[in-house]
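What follows is a short report on a single structure.
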Amino acid sequence: MDEQREPVFERAEGEAFRAGPAEVACALIMYLTAYLYVRSAVAANSEWLCIPVAGLLILCVELFNRGRKAPAESYVWLGCFLVCVCSLSLGLSHVWDEFQLSLFVHGFCVWWVLSRSGALLEGESGHLLPADGFNGLIRIPFGSFFLRLRTLRWAVKARKKSGGGQKKRFLWVLLAALLCVALFIQAAKLLSAADSDFAVLFGRFLSWFAFEMDEGIFENILYIVLSIPVGCWLYGLIGGARRLDRDAAARQRQGINTFLAGIRRVPCGFWCAAAGAFTALYAAFFFLQGSYLFGAFTRTLPEGFIVSQYARQGFFELCRVMAVNFTLLWLMTRMADESARGKKLFRLLCVALLAESMLFAVIAFSKIALYISCFGFTPKRLQSVWLVCVLFAGCLLWTVSLTAGKKTFRKWMVFSAALLAAFALW
């Protein structure tokens, strides 16, 4: 096993709270970002707003992390995030529905922020996935829920101390901004008068931001009210991930590893006996049901079966069996005492379980492939293909980890995410 890389964490300088110009700018940008986010989620026919929301989020994250080299892994999560955003906004996917894509967008966004900010507990994706997920969804954003308010309050106090010169400069900048907005609108109106198609497009653009009576001023007020806690959560995630205390994160990681080391109390012989029983059970199943299980390869159906019945029957049960095997293998590798590391029988039985699991995955894939070849593609069938591929890859990479001693969990996460994002463009 290769050594764990030390993660890079950042802490606010000094005991007193301070915020840089980028943090203040992001705090202001987050109000618009949160408003557009709420509107894209609540208002009808507004999924396209996910694209500007994603752009503003990327801007904020990069402002927070300027000067810090982005890990190579972070580009994977950013790419998956953008693919799912475009698929959701433009209606490109016929595999995942809108709700599923929304979940993927949020998940990839959180993981990208953690990776880009160096807030993953091991410095990279790994077996502490549940703890990193808890940090990204709950601990960091809610722990820094009022960070935006503290940042803006500090900015106001700092501006008061800077004297009248800064105030006058701010007023001049505000005046210039208002003049530019007025000129921009005037230019757009002139172009609208010159071209009717552009007039329709620009009118639609303005309708998303104006308080028009046909939509209702109360709906817009509701969007603004809802955007306040959303903005606090988003800013808390981005700012909190960047300001994450290194010592607290190290203590959390050490506590998890200490717990995992503390449960290594079950004798190796017990797990060998248990794994042997499971292996024998699956071998008997393959022997007794071989002609039925492998019928999809030869396109010979058991007597009394039709294609749809044969393909559906047992598919998800086989996938659940693989999930049971993953659980058993995790317990074996985590709870077996130290003597298990030097025993070849223990490792051989683990590999045998994974080999049988891969065979289950191949059988399940043959069933769904037969179903698709006869009746064509549907979203659920393609989702099943993704599931089987992910399970097979998990078995294969875990086998590599056991036999070669390499860390493969991150590779499995990347493969699963990339394949999911690719299906979002189907």
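Just list whichever of Lys344/Lys380; Lys380/Lys411; Lys343/Lys407; Lys344/Lys367; Lys343/Lys411 have alpha carbons separated by over 31 Å in the model shown.
From Lys344/Lys380; Lys380/Lys411; Lys343/Lys407; Lys344/Lys367; Lys343/Lys411, over 31 Å: Lys344/Lys380; Lys344/Lys367.
Provide the packing ranking of 418-424, 375-381, 105-111, i.e. peptides ordered by the mean count of other C-beta atoms within 10 Å per residue, highest first.
105-111, 418-424, 375-381
Of the heavy-atom accessible surface of the stretch 1-153 (probe 1.4 angstrom), what whole percent is carbon and sulfur?
That fraction is 65 percent.
Please compute the length gained on full extension between Lys157 and Phe218, using 0.36 nm multiplied by the number of residues separating them and subtracting their Cα-Cα distance.
Numbers: separation 61, 0.36 × 61 = 21.96 nm, distance 3.34 nm.
That pair, Lys157 and Phe218, stretches by 18.6 nm at full extension.
If one puts a single equal scatterer on every Cα of the stretch 18-165 and applies the Debye formula without solvent, what log₁₀ I(q)/I(0) results at q = 0.10, 0.15, 0.18, 0.20 Å⁻¹?
Debye curve over Cα of the stretch 18-165, log10 I(q)/I(0) at q = 0.10, 0.15, 0.18, 0.20 Å⁻¹: -0.41, -0.87, -1.17, -1.35.
With each label point set 7 Å from Cα along the Cα-Cβ vector, what nm distance links Glu62 and Leu179?
Between Glu62 and Leu179, the label points sit 3.0 nm apart.
For Phe285 and Asp337, what is the calculated FRET efficiency with R₀ set at 30 Å and r taken between the beta-carbons, to the nearest 0.05?
Rounded to the nearest 0.05, the efficiency is 0.50.
Per residue of the stretch 73-84, in order, report the coupling 6.51 cos²θ - 1.76 cosθ + 1.60 (Karplus, θ = phi - 60°) as ³J(HN,Hα) in whole Hz, putting x for Gly and Pro.
Residue by residue, the stretch 73-84 yields 4, 5, 5, 5, 5, 5, x, 4, 4, 5, 4, 5 Hz.
With θ set to phi - 60°, apply the Karplus curve 6.51 cos²θ - 1.76 cosθ + 1.60 along the stretch 396-402 and write out the HN-Hα couplings as whole Hz, x wherever there is a Gly or Pro.
Along the stretch 396-402, the couplings run 5, 5, 5, 4, 4, 4, 6 Hz.
Would you list, by chain and number, the lysines whose Cα falls below 22 Å from the Cα of Lys157, excluding same-chain residues fewer than 8 positions away?
Within reach: Lys167, Lys168.
Given N residues in the stretch 36-101, what is Rg(Cα) / (2.2 N^0.38 Å)?
Numbers: Rg = 13.4 Å, N = 66, 2.2 N^0.38 = 10.8 Å.
Rg over 2.2 N^0.38 Å, computed on Cα atoms: 1.24.
Given R₀ = 45 Å, what would the calculated FRET efficiency be for Ser196 paired with Thr378, taking r from the Cβ atoms and rounding to 0.05?
The pair Ser196/Thr378 has a calculated efficiency of 0.60.
Tell me, what ³J(HN,Hα) does each residue in the stretch 348-358 have, in order and in whole Hz, if you take phi through Karplus 6.51 cos²θ - 1.76 cosθ + 1.60 with θ = phi - 60° and put x for Gly and Pro?
Once θ is set to phi - 60°, the couplings for the stretch 348-358 become 5, 5, 4, 5, 4, 4, 5, 5, 5, 5, 4 Hz.
Tell me, what is the FRET efficiency for Val351 and Leu90 to the nearest 0.05, using R0 = 60 angstrom and their Cβ-Cβ distance as r? Let's see the in-between values first.
Details: r = 44 Å, r/R0 = 0.74.
My answer for the efficiency is 0.85.
The values are calculated or read from the model by the stated rules, or taken from the named source; none is laboratory data. Note that the structure is predicted; figures quoted are calculated from it, not measured. Virtual Cβ from ideal backbone geometry, glycine too; neighbours counted across all protein chains shown. To get the accessible areas, we keep the full protein, side chains included, count just its heavy atoms, and leave off ligands, DNA and RNA. Shrake-Rupley method; radii C 1.70, N 1.55, O 1.52, S 1.80 Å.
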